[in-house]
Amino acid sequence: LRHLVLVLGDQLDAESAVFDDFDPGRDAVWMAEVAHEATQVWSTQPRIAIFLAAMRRFRDRLRARGWTVHYRALDEHDFPTLEAALAADLVALTPAKLLAVKPGEWRLAQSLPATCAAAGLLWIEYPDRHFYCDADDFADWTGNRKDYRLEFFYRWLRKREGVLMDAGKPVGGQWNFDADNRGSFDRRGPGLLPAPRAFAPDAGTREVLALVRERFAAHPGRLDAFDWPLDADQAREALDDFIAHRLPLFGRYQDAIWQGEPWLYHSRLSAAMNLKLLSPRVVVAAAVREWREGRAPIEAVEGFVRQILGWREFVRGVYWQRMPGFLDENALDAQASLPAFYWTGDTDMACLRDALRQTLDLGYAHHIQRLMVTGLFALLLGVRPREVHAWYLAVYVDAVEWVELPNVLGMSQYADGGRMTSKPYAASGAYIQKMSNHCAGCRFRPGESTGERACPFTTLYWDFLARHEARFARLPRTALQWKNLGRKPAHELAAIRAQAETLRAALAPDSRSSHA
Ligand code: FAD
C-alpha cells in the first residue's frame, strides 16, 4: 500500500486536496466510526445519526468509484478511540505514508499526527480547500490587532475574493444592510412558509437510525423527523431549494423567532457545509447570482453572504488563533451550573421551551434562538462557559468545535472578554418580546422584573448589569446600556437582585425544583 488516506467524519469532500494524487491501484482510504467521538461530548441522537449516515454514504460513493475504503463501522469493532483504531490499522495495513486533510478540531490535529509518528510513519497534511481563508491568511489579517471585529475582516475578505464588489466598491453602495435585517412578524405571524426540501431516510439511513436508537438509547434527542441532506447531491438540492424559495426573505427575517416554526427563511445548510458535502463557494456564488439576475434583493443576498464569507470564516480564524487556551476562558467569572432543563426543555419559559424542544427534536435552532434565547439565558444566569460549550457541541447537527466554540465562548458568553465582540449580547425579556410571539403565550411578563410573573430573563438581565457594572459602565460601547441601571432606585434593584438569587438557587442542580 502506497498511501493510506485518512478521512474524518467532517471531511466528506470527494474533491478534497488529499485525493488529487489518488491512485486506486496503490492507495486506499481509511474511515472509522468510534463511539468515543459521540460520548466524550454527550451528543444528541440527531447529531450522532447525521455523522454516521453521511459517512456511510461517502464510503459507498468512493467504493462506487472502484476505490478501496477500509471502513470501521461502529458495530464491528471495540476500539475505544479513533487514535486506537488508527494505530491498529496502521500496523495491519502497513502503508508507506499516511495522508490527511488538516483536522478541523484542535484535539485531533494534535493526536492524529502523534499516533502516526508513534507508528513510525510520515503524516502528510493537506490544506482544507473548503475554506476561503486558512490560518496563515487570518494571521496576516489580524497582524498586531488585539481585538478582532467581524466587520473589518469581512470587508477585507470580500475585497480579496471580489464577492459583491464592483470596481473595488461594495455593490449597492454599502458594505452591510444590517439595518434591513432585523424584521419581526406582526401579530398575524409569518403566514404560510415555504416548507424546506426534506430528505426521507433511505434503507441505509434507516439502519443508522435504528443503530443510534439502540446503541445511544440514553442520549437525548429524537429521530422521528430526521430529514437532513446526507450527500453532495442532496446538499445541492437543499441549496437550490433555499435559493429558490427562502433566500429573497432571508435578510428581512433573519433575526425573527416564531413559536413552532423552526426554519422560517433559514437555509438549513450549516451541517452540509460543515461535513464538507457542500462548498461555501458554491453557496455564495448561487446567492450572488440571484441578486445579479434580479431574483433576490441585495439585503437578503448580502446578509446571507456575510454569514458565510464573513462569520463562518471569521470564527474559524479565531478558533485556530486562540486554541487551546480558548477552552478555559471565563472573563466574567461565571460559576453557575447549566440548568437541567437544557436537556429536556422542561421549563415554563415559553421561548426557552420552544428553542430547547426544537433543538432536541431536530438538532436545529436558528441563530437568534442560539444567541438570544438559549445563549442569552446562560449568559445572564452566569453559567460556566465550558458547560455551555459542552451543551452546544452536543446538541446541534452542525456542531463541530471550530465553529461552535468561538460562537459560544466568544460571541454568546463573552468568556474571552470581548476579543470577538465589542459588548456582551445581554438583553432582557423585552428583546424576545419584540422579535417573537412567545411572550403572549407565556406565564411570565417581560416587562416585570420582580414578583410571581416576572420574566426570569428580565430579572437576570438587571442582575447581570449590576454584577458587571464595574467592568462595563464606563466603556464607550456599553455605557448607555449600563446608564439605565443607574436610574433604578436602590430598593428596586435590591429586590431584583434578591429575586435573581432565588432563581439561581432554584435552578442549581442540587435543588429539588429545577423548574423556572
Ligand atoms: P442560516 O441562518 O441560513 O445562515 C447561513 C449560513 O451561515 C449557515 O449555514 C452557517 O454556515 C453560516 N453562519 C451563520 N451564522 C454563523 C455564525 N455565527 N458562525 C458561523 N457560521 C455562521 N453554526 C454551526 O455551523 N455550528 C455550530 O455548532 C454553531 N453553534 C452556534 C452556537 C451559538 C451560541 C451561536 C450564537 C451560533 C452558532 N452557530 C453555529 C452559528 C449559526 O447559529 C448556525 O450556523 C445557523 O443557525 C445554522 O442554520 P442555517 O444553516 O439555517 O443558517
Taking the Cα atoms only, what angle lies between the long axis of helix 203-215 and the longest principal axis of the chain, rounded to 10 degrees?
60 degrees
The alpha-carbon center of the stretch 438-510 and that of the stretch 365-424 are separated, in whole Å, by 20 Å
Working only with C-alpha atoms, what are the Rg and Dmax values of the chain, expressed in angstrom?
23.6, 79
If you average the C-alpha positions of the stretch 169-241 and of the stretch 242-312 separately, how far apart do those two centres end up, in angstrom?
11 Å
Checking a compactness column here: for the stretch 408-496, what do you get for Rg(Cα) / (2.2 N^0.38 Å), N being the number of residues?
1.15
Counting each DSSP H run of 4 or more residues in the chain as -39500 (n - 2.57), what helix-only mean residue ellipticity at 222 nm follows after dividing by all residues, to the nearest 500 deg cm²/dmol?
-12500 deg cm²/dmol
At a 10 angstrom cut-off on C-beta neighbours, averaged per residue, how do the peptides 3-14, 195-206 rank from highest to lowest?
3-14, 195-206
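I want to verify the translational diffusion coefficient of the stretch 340-507 in µm²/s; compute it with Stokes-Einstein, Rh as the Kirkwood radius over Cα pairs, at 37 °C and 0.692 mPa s.
In µm²/s, the coefficient rounds to 201.
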On each of the three principal axes of the Cα atoms of the stretch 144-293, give max minus min coordinate, whole Å, ordered largest first.
56, 42, 37
Sites matching GluC sites (Glu not before Pro) across the stretch 442-498 that sit in DSSP coil, with at most 13 neighbouring C-beta atoms within 10 Å:
GLU452
Once amide H atoms are placed 1.01 Å from N in the peptide plane, what residues at a sequence separation of 5 or more from TYR126, or on another chain, have their amide H within under 5 Å of its amide H?
ALA100, VAL101, LYS102
Which residues' amide hydrogens lie under 5 Å from the amide hydrogen of VAL69, considering only partners 5 or more residues apart or on another chain, with H built in the peptide plane?
VAL29
Put in order of increasing Cβ neighbours within 10 Å, starting from the fewest, ARG188, ARG316, ARG357 give ARG188, ARG357, ARG316
For the stretch 212-308, treating each Cα as an identical point scatterer without solvent, what Debye log10 I(q)/I(0) comes out at q = 0.19 1/Å?
-0.94
Summarise the long-distance tail of P(r) for the stretch 3-126 by giving the % of C-alpha pairs beyond 21 Å.
35 percent
For the stretch 53-141, what value does the Rg/Rh ratio take when both radii are computed over Cα atoms and Rh is the Kirkwood radius, given to two decimals?
1.00
From the convex hull of the Cα coordinates of the stretch 298-346, what is the mean projected area in square nanometres?
6.1 nm²
In order over the stretch 503-509: 3J(HN,Hα) from phi, Karplus 6.51/-1.76/1.60, θ = phi - 60°, whole Hz, x for each Gly or Pro, gives 4, 4, 5, 5, 8, 5, x
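Just so you know, all these numbers are worked out from the coordinates, no wet-lab data involved. If you're wondering where the values come from, they're calculated on a predicted model, not measured in any experiment. We place every Cβ from the backbone using ideal geometry, glycine too, and count neighbours over all the protein chains shown.
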